[in-house]
Amino acid sequence: MSTIPVLNQEETRTLEQIFCQYITSKTSGALSTLLSEPINHNVRILDNGISNIKSIRLEPDEIKMCAVRLNGKGDTHIEILYTIKEKHARKIAAKLMCQEEICQIDEMGASAIQEVANIMTGSFFNALSHGTGFRVDLSTPDYKNDEFHSLVDLSVKDVINPSDDAVIADVELVGKSSGAKLHMIIMQNPDDARKLLANHKSDASVIQEAASYPVGGQNSELDALLDDILGEK
């Protein structure tokens, strides 16, 4: 039984709106610039956290996924897992490698997918820092190829105790031209989710402020890259 109360309906709705704001203002634009195409996205907080995500029934070609795992730690702790069908991962890698198509995800392809995840995560934490004043240190990306539920289990264990439930947001991003689709799964414990809610500045213009809130750690190169990418919007 959970020892930390999960979010109530109003908290869940507000957190969903905040994440959507962050994705719209930074992350979707960064992916659009990387892939040279418009991006549609949808954000939803799963009602029952990890229990809900474990009940998802997958198509045969979705069971084995390409994934990249990162986290941000500091004033808050958030785990982020990107999951992509292999056919979509090949599309994204091919675009970044300036090739028509690739037959499999080799070392160079995996590196390209990691870089996409790295930049998207940096843009998300950049928006979060603007919105809350939090400073977070971004981990290095970890590429994996495994079953979907195993990938989620591994990430969620780092944000909750076994007896607790996680707050999980599923962000679906889809390229309008290529149809390439990836899921950005954001995981927090309820305390960190409430901390974000309490510190988020409700004025939407805060996301557009010029002040710099780097993602922290040893990521000065990523901060500079983000400035270049987001400046192209």
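A compact table of results
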| item | result |
| --- | --- |
| Qualifying residue in the range 87-101 (condition: within 20 Å of LYS195 (Cα to Cα) and either over 12 Å from the mean Cα position of the chain (by Cα) or free of Cβ contacts under 8 Å to residues at least 24 places away in the same chain (or both)) | no |
| Those residues of the range 102-137 which are touching an Asp or Glu at 6+ places or on another chain (Cβ under 9 Å), modelled with pLDDT under 85 and either of a type in the set (Ser, Thr, Tyr) or surrounded by fewer than 18 Cβ atoms within 10 Å (Cβ to Cβ) (or both), in sequence order | GLN104 |
| Hey, ARG44 among the charged types (D, E, K, R) and either under 22 Å from ASN189 (Cβ atoms) or at pLDDT 90 or above (or both) or not | yes |
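Table: residues versus (1) of a type in the set (A, V, I, L, M, F, W, C); (2) out of contact with any helix residue (DSSP H, G or I) (no Cβ under 7 Å at 6 or more places or on another chain).
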{"position": "SER111", "(1), (2)": "no, yes"}
{"position": "GLY122", "(1), (2)": "no, no"}
{"position": "PHE134", "(1), (2)": "yes, no"}
{"position": "VAL171", "(1), (2)": "yes, no"}
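The values are calculated or read from the model by the stated rules, or taken from the named source; none is laboratory data. What you are looking at is a predicted structure, and each value in this text was computed from that prediction instead of being measured. Positions of Cβ are generated from backbone atoms using ideal geometry, with glycine treated the same way; all protein chains shown enter the neighbour counts.
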